[in-house]
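Down below is the structure, laid out as structure tokens.
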């Protein structure tokens, strides 16, 4: 299913509302016990980037939900490139079922887990998705917080007349993905300012080894098959 950018922005605002109402409200006092007057700002970004950051000057946590991320998670072919889909399947969140609704609700939980991880002092440079992070994320799901976020998002979307599909999205066929690539193919991966280009030098079972070209010349990357895009020579 393809959605337009204004629709994605509206859904992103519902994700912001869900984060505030379901996740932030019960945790707010605990967060402020660690650092008084702390606030949370949620916003919808124009690109794919989806992240949490903290501004110590303002004592403000900021969560950004990328508009293009929301658009991607409405398209089955693009879902495999997002960590949220792999987390749902591998850690059996929402029963291990990947749907657009589950992906977006889980994204709210994923970013909020980073907020709690930061407050707990367990987020380190070079070690973001660590055991402490997944302990928090697991607890958000086990405690019912994730299900509450999912339910709230679904209800608010229905009230707003916005479609957030809840049909299962099948995992990509790895054999078909491998068949798409051969040594020497020119590819790109990443997005926006982080988009990189290169040529495939090895096709592995789940990844391709890519030798960088252009500004990435001299570097090598192991890129998941689902993240590769073909470049015209």
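Compared with the alpha-carbon gap, the fully stretched path from residue 158 to residue 171 is longer by 2.0 nm at 0.36 nm per residue.
If the chain linking residue 75 and residue 217 were pulled fully straight, counting 0.36 nm for each residue of separation and taking away their Cα-Cα distance, it would gain 47.9 nm.
Extension gain, residue 28 to residue 129, is 34.1 nm, computed as 0.36 nm per intervening residue step minus the present C-alpha separation.
For Cα pairs less than 8 Å apart in space and 6+ apart in sequence, what is the mean separation divided by the residue count of the chain, i.e. the relative contact order in percent? Could you put the intermediate results ahead of the total?
Values: 364 pairs, mean separation 38.6, N = 233.
Over the chain, the number comes to 17 percent.
List the residues of region 95-112 whose backbone N lies under 16 Å from a point placed 7 Å from the Cα of residue 41 along the Cα-to-Cβ direction. Output list for this probe position: empty. Shown for 138, 77: other C-beta atoms within 10 Å of each C-beta, ranked fewest to most, produce the order 77, 138.
Here, each number is a calculation from the coordinates, and none is a lab measurement. As the structure is a computational prediction, the values presented were derived from the model and not from experiment. Using ideal geometry, Cβ is built from the backbone for each residue, glycine included, and neighbour counts are taken over all protein chains shown.
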